[in-house]
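Asker: Just passing along the structure, written as structure tokens.
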Amino acid sequence: MNKKIQTPFTREDARSLKAGDTCLITGVIYTARDAAHKRLCELVAQGRELPMDMRNAIIYFVGPTPAKPGQAIGSAGPTTSYRMDAYSPALIAIGQTGMIGKGKRNAEVIAAMKEYGAVYFGATGGCGALLSKCIKKAEIVAYEDLGAEAIRRLEVEDFPVTVIIDSEGNNLYETGREAYLQSVQGEA
Amino acid sequence: MRNIQATQVTDVVRRLCIEANCHLTDDLKNCISACRACETFPVAQGILDQIIENYQIADTNNVPVCQDTGMACVFVDVGQDVHVEGSLEDAIHEGVKQGYAEGYLRKSVVRDPLDRVNTGDNTPAMIYYNLVPGDQIKITVAPKGFGSENMSQIKMLKPSDGLQGVKDFVLKVVEEAGPNPCPPIVVGVGIGGTFDKAAYLAKKALLRPVDSHHEEPFYADLEDELLEKINALGIGPQGFGGRTTALKVNIEKMPTHIAGLPVAVNINCHVTRHQSEVI
Ligand code: SF4
């Protein structure tokens, strides 16, 4: 059963989700990759204002392909998240509640998620053509010079994700694998 | 001597960049479908269904299968009886530049590994030349995403590590990669040669169709054995658990030194792209 999520995504919303839940997100999310994260964290360190409100925000780690005429956005699947590990804790501390990416996260990120109440979602890596269909509108809000890495405001409808790590630190990469291996035990 | 215009090369590279990024090859699609049919774990079935739907959308709409349209790896088999009018190398880079612009592909190349300024046109291509008999040029464009490239490793094993050492290393690389390279993956293994040649062989192995086997039965069996062992790890599609961690293991090997046993593992994802054309 898919859980419906409507942004803004509060800390209470985040705490209600469990690793393995499949969800459909509707509302506004923001894109940012390595270079944009670096700039955002520099602003945080200097105590300056960010180009978007980080409170109750979901950030999607993605660098889309250019939109073809008639498209809202090009192919837009997740990038590998560990490259954002150095930056995510600082953004979670100022209110970010959701991240969408793929792949492992480090202990510092998980600790911040537990402390403040945040969720790490996975979107299916390598499914950028499929995922872009759920993105209805995209506009650049900052760092246009970064091209594919600019920060975009996305309006999404029923964007499919799975909770990989929840706000208690439960991790689908561990539990899912375990469940599969148990399901085939005794076979062959 | 046969004369070929450099502009012909540019045209072919431009077309292949777009084609490879928007359309997976049939062998790969058939392999993904076959794995879907064998998959018993419901979560994994759901992910594989998304992957199939995704490449179907890409086919129908002529859009990139994945947003990481990669570095353009270009393999060029140049017949020794061919003369290219103009610069072959410039023609290839120009083809990449045109293909990535016209195909609405992402520009993912930085001009310097440390100052990291985007070149804006996805050049330079990574070019691998091979001199062959004949009067034709065969060009293969294989866009390589870095989610999977970053999970690749090379190791200089000792000869005494032998076959077991090779198997252990391949499994270790796949285990450490875990969910990061968008499993299900295709695993290219290069064994032998020198440090750099092993890596080259591993990359070249990824060009071989996933329904093929190494021509020597020993290595063909090793490909199957490694695939089975990888798919017993339980990592599964996207790392959410399941049987389908890898779609195929392809091995290439060559002679090496009495003191060495280089092994390289080049990981690719379910978006293993390559398209070829002969001029
Ligand atoms: S690893 Fe492959 S499927 Fe995943 S984002 Fe990179 S190119 Fe795409």
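Asker: Which one is surrounded by the most Cβ atoms within 10 Å (Cβ to Cβ), of the residues in the stretch A:79-89 that are more than 7 Å from every other protein chain (Cβ to nearest Cβ) and among the polar types (S, T, N, Q)?
Answerer: If we take residues in the stretch A:79-89 being more than 7 Å from every other protein chain (Cβ to nearest Cβ) and among the polar types (S, T, N, Q), then A:Ser88 is surrounded by the most Cβ atoms within 10 Å (Cβ to Cβ).
Asker: So B:Gly190 clears everything in (1) modelled with pLDDT of 95 or more; (2) surrounded by fewer than 23 Cβ atoms within 10 Å (Cβ to Cβ) except one condition, right? Which one?
Answerer: Every listed condition holds for B:Gly190 apart from (2).
Asker: Tally the residues that are among the hydrophobic types (A, V, I, L, M, F, W, C) and away from the ligand (no atom under 16 Å from the Cβ), restricting the search to the stretch B:159-194. Reasoning before the result, please.
Answerer: Taking the stretch B:159-194 as the starting set, the residues that turn out to be among the hydrophobic types (A, V, I, L, M, F, W, C) are B:163, B:166, B:169-171, B:173-174, B:177, B:182, B:185-187, B:189, B:191.
Of the ones still in play, those that are also away from the ligand (no atom under 16 Å from the Cβ) are B:163, B:166, B:169-171, B:189, B:191.
Of the residues in that region, 7 qualify.
Asker: Still on this model: The conditions are (1) of a type outside the set (Val, Ile, Thr); (2) buried (at least 23 other Cβ atoms within 10 Å of the Cβ); (3) without any contact (Cβ under 8 Å) to a residue 60 or more places away in the chain; (4) over 15 Å from A:Leu40 (Cβ atoms), and A:Glu115 fails exactly one of them. Which is it?
Answerer: (2)
Asker: Tally time: how many residues in the stretch B:121-158 are within 16 Å of the ligand (Cβ to nearest atom), within 14 Å of chain A (Cβ to nearest Cβ) and not hydroxyl-bearing (Ser, Thr, Tyr)? I'd like the intermediate steps shown before the answer.
Answerer: Residues of the stretch B:121-158 that are within 16 Å of the ligand (Cβ to nearest atom), as a first pass: B:122, B:126, B:141-153.
Remaining after also requiring within 14 Å of chain A (Cβ to nearest Cβ): B:122, B:143-152.
Among the residues that remain, those that are also not hydroxyl-bearing (Ser, Thr, Tyr) are: B:122, B:143-147, B:149-151.
The qualifying residues number 9.
Asker: Applying the selection to the stretch A:3-60, what residues are farther than 30 Å from B:Phe146 by Cα, assigned to a strand (DSSP E or B) and in contact with a Gly (Cβ under 6 Å, 6 or more places away or on another chain)?
Answerer: Answer for the stretch A:3-60, where residues must be farther than 30 Å from B:Phe146 by Cα, assigned to a strand (DSSP E or B) and in contact with a Gly (Cβ under 6 Å, 6 or more places away or on another chain): just A:Gln6.
Asker: I would also like to ask the following. Within the stretch A:156-188, restricting attention to residues that are surrounded by fewer than 17 Cβ atoms within 10 Å (Cβ to Cβ) and under 19 Å from A:Gln71 (Cα atoms), which residue is farthest from the other protein chains (Cβ to nearest Cβ)?
Answerer: A:Glu157
Asker: Evaluate the following for A:Lys137: is it within 16 Å of the ligand (Cβ to nearest atom), touching a residue at least 60 places away in the same chain (Cβ under 8 Å) and charged (D, E, K, R)? Step through it out loud before you land on a result.
Answerer: Values: within 16 Å of the ligand (Cβ to nearest atom): no; touching a residue at least 60 places away in the same chain (Cβ under 8 Å): yes; charged (D, E, K, R): yes.
So A:Lys137 does not fit the description; no.
Asker: Tell me, please, whether a residue that is among the charged types (D, E, K, R), in contact with a Leu (Cβ under 9 Å, 6 or more places away or on another chain) and more than 16 Å from the ligand (Cβ to nearest atom) can be found in the stretch B:93-102.
Answerer: If we filter the stretch B:93-102 for residues that are among the charged types (D, E, K, R), which is where we start, we get B:94, B:97, B:102.
If we keep only those that are in contact with a Leu (Cβ under 9 Å, 6 or more places away or on another chain) as well, we get none.
No.
Asker: Among the listed residues B:Thr40, B:Thr69, B:Thr60, B:Thr7, identify the single one that is in contact (Cβ under 8 Å) with a residue 24 or more places away in the chain, loosely packed, with under 15 Cβ neighbours inside 10 Å and within 12 Å of another protein chain (Cβ to nearest Cβ). Can you show your working first?
Answerer: Working: B:Thr69 fails: loosely packed, with under 15 Cβ neighbours inside 10 Å; B:Thr60 fails: in contact (Cβ under 8 Å) with a residue 24 or more places away in the chain; B:Thr7 fails: within 12 Å of another protein chain (Cβ to nearest Cβ).
Going through B:Thr40, B:Thr69, B:Thr60, B:Thr7 in turn, the sole match is B:Thr40.
Asker: Output the number of residues of the stretch A:137-153 satisfying the condition of being away from every other protein chain (no Cβ under 13 Å) and either more than 17 Å from the chain's Cα centre (by Cα) or under 24 Å from B:Asn180 (Cα atoms) (or both).
Answerer: Step one: of the stretch A:137-153, the residues away from every other protein chain (no Cβ under 13 Å) are A:137, A:139-142, A:151, A:153.
Now restrict to residues that are either more than 17 Å from the chain's Cα centre (by Cα) or under 24 Å from B:Asn180 (Cα atoms) (or both): A:137, A:139-142, A:151.
So the count comes out to 6.
Asker: Moving to a separate point now. Sort out which residues of the stretch B:17-30 are under 26 Å from B:Ala246 (Cβ atoms) and crowded, with 21+ Cβ neighbours inside 10 Å, and write them in order of number. Full working, then the answer.
Answerer: Taking the stretch B:17-30 and keeping what is under 26 Å from B:Ala246 (Cβ atoms), we get B:19-30.
Matches in the stretch B:17-30: B:Ala20, B:Asn21, B:Cys22, B:Leu24, B:Leu28.
Asker: Name the one entry in A:Ala123, A:Ala118, A:Ala112 that is within 20 Å of A:Glu174 (Cα to Cα) and either within 16 Å of the ligand (Cβ to nearest atom) or at pLDDT below 95 (or both). Break it down into steps so the answer makes sense when it comes.
Answerer: Details: A:Ala118 fails: either within 16 Å of the ligand (Cβ to nearest atom) or at pLDDT below 95 (or both); A:Ala112 fails: either within 16 Å of the ligand (Cβ to nearest atom) or at pLDDT below 95 (or both).
From the options A:Ala123, A:Ala118, A:Ala112, the qualifying one is A:Ala123.
Asker: Of these, A:Ala76, A:Ala57, which one is under 14 Å from A:Val156 (Cα atoms) and surrounded by fewer than 24 Cβ atoms within 10 Å (Cβ to Cβ)? Give the steps one after another, and end with the answer.
Answerer: Values: A:Ala76 fails: surrounded by fewer than 24 Cβ atoms within 10 Å (Cβ to Cβ).
Only one candidate passes the filter, namely A:Ala57.
Asker: Hey, another quick one. What number of residues within the stretch B:253-279 are more than 16 Å from the ligand (Cβ to nearest atom) and crowded, with 24+ Cβ neighbours inside 10 Å?
Answerer: Step one: filter the stretch B:253-279 for residues more than 16 Å from the ligand (Cβ to nearest atom), giving B:253-264, B:276-279.
Remaining after also requiring crowded, with 24+ Cβ neighbours inside 10 Å: B:263-264.
Number of matching residues: 2.
Asker: Still on this structure: Tell me which residues, restricted to the stretch A:19-42, are away from every other protein chain (no Cβ under 14 Å) and touching an Asp or Glu at 6+ places or on another chain (Cβ under 7 Å).
Answerer: Passing the criteria: A:Thr26, A:Val28.
Asker: Yes or no: the stretch B:75-82 includes at least one residue that is over 22 Å from B:Pro124 (Cβ atoms), part of a loop (DSSP other than H, G, I, E, B) and out of contact with any Leu (no Cβ under 6 Å at 6 or more places or on another chain). Talk me through it step by step, then tell me what you get.
Answerer: Step one: list which residues in the stretch B:75-82 are over 22 Å from B:Pro124 (Cβ atoms), which gives B:79-82.
Going one step further and asking which of them are part of a loop (DSSP other than H, G, I, E, B), we end up with B:80-81.
Checking which are out of contact with any Leu (no Cβ under 6 Å at 6 or more places or on another chain) leaves us with B:81.
There is at least one residue in the stretch B:75-82 that is over 22 Å from B:Pro124 (Cβ atoms), part of a loop (DSSP other than H, G, I, E, B) and out of contact with any Leu (no Cβ under 6 Å at 6 or more places or on another chain).
The values are calculated or read from the model by the stated rules, or taken from the named source; none is laboratory data. Since this is a predicted model, take the numbers as computed values, not measurements. Cβ coordinates were reconstructed from backbone atoms using ideal geometry, including for glycine residues, and neighbour counts include every protein chain displayed.
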